[in-house]
1. How many residues does region 168-187 hold that are open to solvent by 40 Å² or more (accessible area, probe 1.4 Å) and in a helix (DSSP H, G or I)?
2. Give 132, 158 a once-over and let me know the one that is without any contact (Cβ under 8 Å) to a residue 12 or more places away in the chain and under 23 Å from residue 261 (Cα atoms).
3. What's the total number of residues in region 163-192 that are among the polar types (S, T, N, Q), more than 16 Å from residue 28 (Cβ to Cβ) and over 21 Å from the mean Cα position of the chain (by Cα)?
4. Kindly provide the set of residues from region 147-166 that are open to solvent by 60 Å² or more (accessible area, probe 1.4 Å) and aliphatic (A, V, I, L, M), ordered by number.
5. Out of all the residues in region 201-257, which are among the acidic types (Asp, Glu), over 22 Å from residue 42 (Cα atoms) and over 20 Å from the mean Cα position of the chain (by Cα)?
6. Counting only residues that are open to solvent by less than 50 Å² (accessible area, probe 1.4 Å) and within 15 Å of residue 14 (Cβ to Cβ), how many does region 198-214 have?
7. Examine region 188-197 for a residue that is among the charged types (D, E, K, R), within 16 Å of the ligand (Cβ to nearest atom) and open to solvent by 60 Å² or more (accessible area, probe 1.4 Å), and state whether such a residue exists.
8. Report, by residue number, each residue of region 123-182 that is of a type in the set (D, E, K, R), in contact with a strand residue (DSSP E or B) (Cβ under 7 Å, 6 or more places away or on another chain) and farther than 17 Å from residue 250 by Cβ.
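The values are calculated or read from the model by the stated rules, or taken from the named source; none is laboratory data. What you see is a predicted model, and the numbers here were worked out from it, not measured in a lab. Cβ coordinates were reconstructed from backbone atoms using ideal geometry, including for glycine residues, and neighbour counts include every protein chain displayed. SASA here: full protein model, heavy atoms, side chains in, ligands and nucleic acids out. Shrake-Rupley method; radii C 1.70, N 1.55, O 1.52, S 1.80 Å.
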Amino acid sequence: MTTTTSTPSDWQQWQTSWDRQQEWYMPDREERFRVMTDAVEAVAGRTPLVLDLACGTASISDRVLRALPGARTVCVDIDPALLTIARGHFAGDERVTFAEADLTDPDWTARLPHASFDAVVTATALHWLDTEPLRRLYGTLAGLLREGGVFLNADHMEDESAPRLNAAMNALLTARQEGQRREGALDWSDWWTLVADDPALAEPAARRFALLGDPREPRPAGARPGRPTTTRWHLDALREQGFTEARQVWCSASDALVAALR
Ligand SMILES: C[S@@+](CC[C@H](N)C(=O)[O-])C[C@H]1O[C@@H](n2cnc3c(N)ncnc32)[C@H](O)[C@@H]1O
C-alpha cells in the first residue's frame, strides 16, 4: 500500500465525495444498500463475515458495519486509488481487511484471508465484466459462500418486459440529473480529475489509469455490447451456477438488487 501524509478527515471527505458522485447517477443508492444490509442480517445474523466485492471506497462495508457493528468485512477491488481511500477511511478498524485483486484472474480468491463467507455483497460493479467471466464469477462465489449464505448484487439490470415504462422513468431521471449538473454535481470524469490532482492520490490514480483506463477521457454511454442487461439473465445464471434460490429484492427502472441463497 502507498503511504501518504493525509489526515483521516481527508479520507472521510473523499469517501463522502465518492458517495455524492455515485448518488448523482443513482439517487436511490442508499435505499438499495439498506435492503442489502437487511438481507445480510436476515440470512446471516448480526455478526456475519462479509465479502465486499469490487468494493471501491468500501461504501457498502461502511453501511453494513453501521447497521451490524459485530460484522467483519473483507473488501476486494482492482483499483489502487479507490482502495487507498477505503483503507484511509477504515484505518485502525480491525473489522475490515483489504485485498487488491482482479476478479477476472482465475486465482483471485487466493488473495482473500478467508476461504468461506456468510455473505457476499456488491454494487454497480459486475456490469464491468463480460458475460462469460461474470458467469464463472457467479460459480466462484457459490463456492466461497457457506451453505445457506447469501449473495447480493445491485447493478444496472432491467425488466425488459416494460420498455416504455423504463424509458419514461429513465427520462425523468436524466432530466433531474441535468438540473443537478447545472447546480454543480460532479460526474465520473470530474471526480477522477479531482482525485488525480490530489498529491495523496496521484500515484495510485496513475496506476489505476494504467490498469483500467483514464476516466477523464470521454467514454461511450450504456452497457458494452454483448454484456448482460436484464435481471432475468442474472437470476438464471445464479441458479445455473449453484445457488438454490435467486430473486429480485429491489428495483428501479434501470437497476435491480438480486439476492441468491447458496
Ligand atoms: C462504480 S464502482 C462501485 C464501487 C462500490 N461497490 C460502490 O458501490 O461504491 C465499480 C468498482 O468495480 C471495480 N472493478 C471493476 N472491474 C473489476 C475487476 N475486474 N476486479 C476487481 N474490481 C473491479 C472498480 O475498480 C470499482 O471500484
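1. Pass one, region 168-187, residues open to solvent by 40 Å² or more (accessible area, probe 1.4 Å): 168-176, 178, 180-184, 186.
Next, from what is left, pick out any that are in a helix (DSSP H, G or I): 168-176, 178, 180-182.
Result for region 168-187: 13.
2. On the way: 158 fails: without any contact (Cβ under 8 Å) to a residue 12 or more places away in the chain.
Exactly one of 132, 158 is without any contact (Cβ under 8 Å) to a residue 12 or more places away in the chain and under 23 Å from residue 261 (Cα atoms), namely 132.
3. Step one: filter region 163-192 for residues among the polar types (S, T, N, Q), giving 166, 170, 174, 177, 180, 189.
With more than 16 Å from residue 28 (Cβ to Cβ) added as a condition, the list becomes 189.
Going one step further and asking which of them are over 21 Å from the mean Cα position of the chain (by Cα), we end up with none.
Total satisfying the criteria: 0.
4. Answer for region 147-166, where residues must be open to solvent by 60 Å² or more (accessible area, probe 1.4 Å) and aliphatic (A, V, I, L, M): just 165.
5. 203, 217, 236, 240
6. Filtering region 198-214 for residues open to solvent by less than 50 Å² (accessible area, probe 1.4 Å) gives 198, 200-202, 204-205, 208-209, 213-214.
Now narrow it down to the ones that are within 15 Å of residue 14 (Cβ to Cβ): 198, 200-202, 204-205, 208.
So the answer is 7.
7. If we filter region 188-197 for residues that are among the charged types (D, E, K, R), which is where we start, we get 190, 197.
Among the residues that remain, those that are also within 16 Å of the ligand (Cβ to nearest atom) are: 190.
Filter once more, so that each one left must be open to solvent by 60 Å² or more (accessible area, probe 1.4 Å): none.
Checked against the condition, which is being among the charged types (D, E, K, R), within 16 Å of the ligand (Cβ to nearest atom) and open to solvent by 60 Å² or more (accessible area, probe 1.4 Å), region 188-197 yields no hits at all.
8. Selection gives 146, 160.
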